[in-house]
Amino acid sequence: RVQTLELTLDGRSLRDALERIRSSNAPHLRQLSFTGGKVHQVLNNGHVIERNVPIPKSFLNNNAPNLHTAKMSHLDMRWTIGIWANLRTLEVREVSVLGRPVMQRWLGALAAMKHLETLILQNCSPRYEADTPFCIDPEGGLTALPKIKTFWCLAPANEIAFTLSNMSLPSLEQLSVNALSMTSRDEFNNFVTAVSPHTHSSGLGSFHAVS
């Protein structure tokens with residue numbers, strides 16, 4: 001009756017361990033923490049890119065009804081699998097370039113985590129492509145994440161702006177955003193425009209910019 005699962009292994013060892021347990025049943029699992037690393041190289045547009053260990057499809061048979069806390073570091077998150085359905089705390093750090101999610105699908109995955117209260121992201125949110133609209137809905141609609149109270153994010157300024165421009169966080173109590181690579185006035189303005197509505201709703205926030 002495992003309630004806590006923690007794995008800190010090099011990339012290939014973690015990949016093998018996850019494959020071995022992917023079909024296991026985990027009805028009592030409450031917390032999991034995985035830390036991995038680069039596992040293989042792939043060719044992308046003529047460039048060799050290292051990729052982190054990916055979470056397997058149908059991991060734990062897509063069913064971990066009591067799982068409330070998940071922490072992932074240096075592996076490629078699979079956002080849409082069923083074991084995240086009852087999470088209250090999700091922490092994801094350092095996803096590889098090819099492991100970054102597409103915004104619309106990512107927002108849908110977060111919205112399906114209906115009990116999520118704490119979201120911590122470090123260089124893992126959808127990448128922003130220059131000159132594209134920050135809000136993906138042409139009518140300005142936002143994805144509501146109604147129970148999130150704490151949101152912490154470290155990423156380039158435009159990625160933070162891209163993320164927050166598509167979210168509604170009505171229960172937010174604590175906001176901390178750490179912007180990297182803010183190199184222009186436009187990036188600063190986009191960042192402030194995206195962050196400001198959330199600070200007004202929460203009354204709390206901390207902001208850091210590192211150029």
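The values are calculated or read from the model by the stated rules, or taken from the named source; none is laboratory data. Note that the structure is a prediction, hence the values are computed from the model and not measured. Don't worry about glycine lacking a Cβ; one is built from the backbone with ideal geometry, like all the others, and counts go over all protein chains shown. Heads up: the accessible areas ignore ligands, DNA and RNA and are worked out on the full protein's heavy atoms, side chains in. Shrake-Rupley method; radii C 1.70, N 1.55, O 1.52, S 1.80 Å.
I need the shape label for region 1-141. Rule: rounded when a/c is under 1.5, else prolate if a/b > b/c, else oblate, with a, b, c from the alpha carbon gyration tensor. Mind showing how you got there, number by number?
Numbers: a/c = 2.20, a/b = 1.19, b/c = 1.85.
Cα axes put region 1-141 in the oblate bin.
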Output the relative contact order of region 1-141, whole-number percent, from Cα pairs under 8 angstrom with separation of 6+ residues. 19
Sorting check: for 49-59, 106-116, which peptide has the highest mean count of neighbouring beta carbons within 10 Å, and how do the rest follow? 49-59, 106-116
Too long for a 23 Å Cα-Cα cut-off, among K38/K147; K38/K149; K71/K114; K71/K149, are K38/K147; K38/K149
Hey, what's the chain come to in accessible area per residue, 1.4 Å probe, Å²? 51
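Given Cα pairs under 8 Å that are at least 6 residues apart, what percent is the relative contact order of region 1-60?
Working: 89 pairs, mean separation 24.5, N = 60.
This gives 41 percent for region 1-60.
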Using the Karplus equation 6.51 cos²θ - 1.76 cosθ + 1.60 (θ = phi - 60°), what ³J(HN,Hα) coupling, rounded to whole Hz, does each residue of region 96-102 give in order, writing x for Gly and Pro? 6, 4, 6, x, 6, x, 7
Across region 180-188, in residue order, what do the Karplus-derived ³J(HN,Hα) couplings come to in whole Hz, using 6.51 cos²θ - 1.76 cosθ + 1.60 with θ = phi - 60° and x for Gly and Pro? 9, 6, 8, 10, 9, 5, 4, 4, 4
Rough spin-label spacing in nm, given labels placed 7 Å along Cα→Cβ, for E19 and R88: 3.6
In nanometres, what is the gap between the two model label sites at N61 and Q31, each 7 Å from Cα along Cα-to-Cβ? 2.5
Calculate one ³J(HN,Hα) per residue across region 45-60 by plugging θ = phi - 60° into the Karplus curve 6.51 cos²θ - 1.76 cosθ + 1.60, and present them in order as whole Hz with x for glycine and proline. 6, x, 10, 8, 10, 7, 10, 6, 4, x, 5, x, 5, 6, 5, 6
On a full-extension model of 0.36 nm per residue, what is the gain between F134 and N189, subtracting their alpha-carbon distance, rounded to one decimal in nm? 18.6 nm
